[in-house]
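Following: one structure in structure tokens, then a few remarks.
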């Protein structure tokens, strides 16, 4: 889903064909999603029996730099070794300004993102608040700082707690001061910004998490009780939309 922030509230638009459907407007309504048994690679457009790396056919998942392991582990970026799958893509994306941040999604975590992806990255993670703390010139360097900070704070979100809104507000600024005093920040620019608060279009948070899957249940219907992270919260379960990004879906309401 496409995301942005409007007056502190996360806004969601779901691509359906060549249109963008405003999902915030559908919260509280009954919707039906039907998987049409077609999966098309979001890179080459070819039909595939299975989606790899959240939306690609197998050949594309093996040749695209955006599907390489270093995307999940930025500290392993190997562009400088001359082994990047797509050197120009690496220059354009991995050598753009990156930000190291703290976010509170199911508790305080550290993360990294390209500067231009703020605040969408935080909305995608379902963070209720986020604070940029360092800016660096490359993905590799951001990954190295993330590794240093991982010794003191988590780097992953408990997605179940995030979806249940089982999260307590935290003072990210105070935590940033504490963490940055523990590491050498040479090579990074210290950022002095205010914590960003994010609210989500949710009427009811689930008390129990039931995951929905188009591969097991091609027709899913229910009341849309909210949207958080990249999940649709239905009265019958939660659906990770990002996981099915290359699936051909019909949505009715």
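Read the figures in this text as sums done on the coordinates, not as results from a lab. If you're wondering where the values come from, they're calculated on a predicted model, not measured in any experiment. Counting neighbours? That spans all protein chains shown, and the Cβs are built from the backbone with ideal geometry, glycine included.
How do 134-141, 187-194, 58-65 rank on mean C-beta neighbours within 10 Å, highest first?
Values: 134-141: 19.9, 187-194: 12.6, 58-65: 16.1.
Descending mean neighbour count gives 134-141, 58-65, 187-194.
Within the chain, antiparallel bridges make up roughly 90 percent of the DSSP beta bridges whose residues both belong there.
Counting beta carbons within 10 Å around each of 252, 217 and listing the fewest first gives the order 252, 217. Dividing the Cα radius of gyration of the range 87-157 by its Kirkwood radius returns 0.98 for Rg/Rh. In the chain, helical runs assigned H by DSSP with n ≥ 4 each contribute -39500 (n - 2.57); averaged across all residues and rounded to the nearest 500, the mean residue ellipticity at 222 nm is -4500 deg cm²/dmol. With the cut-off at 20 Å, report for the range 38-182 the share of all Cα pairs above it, as a whole percent. Percentage above 20 Å: 55.
For each of 29, 146, count neighbouring Cβ atoms within 10 Å of the residue's Cβ, then give the residues from fewest to most.
Working: 29 9, 146 20.
In increasing order of surrounding Cβ atoms, one gets 29, 146.
Of interest is the spacing of the C-alpha centroids, which for the range 12-33 and the range 135-165 amounts to 30 Å. Here is the tail figure for the chain: Cα pairs spaced more than 25 Å apart come to 49 percent of all pairs. Given the Cα atoms of the range 109-236, and with Rh set as the inverse mean 1/r over their pairs in the Kirkwood sense, what is Rg to Rh to two decimals? Looking at the range 109-236, the ratio lands at 1.04. Our note on the geometry: Cα centres of the range 177-241 and the range 80-118, 19 Å apart.
Just want to confirm a number: the relative contact order over the chain, from Cα pairs under 8 angstrom separated by 6+ residues, in percent.
Details: 507 pairs, mean separation 71.8, N = 253.
Dividing the mean separation by the residue count of the chain yields 28 percent.
Length gain on complete extension for the stretch residue 211 to residue 73, per 0.36 nm per residue less the alpha carbon to alpha carbon distance?
Details: separation 138, 0.36 × 138 = 49.68 nm, distance 2.62 nm.
Length gained between residue 211 and residue 73: 47.1 nm.
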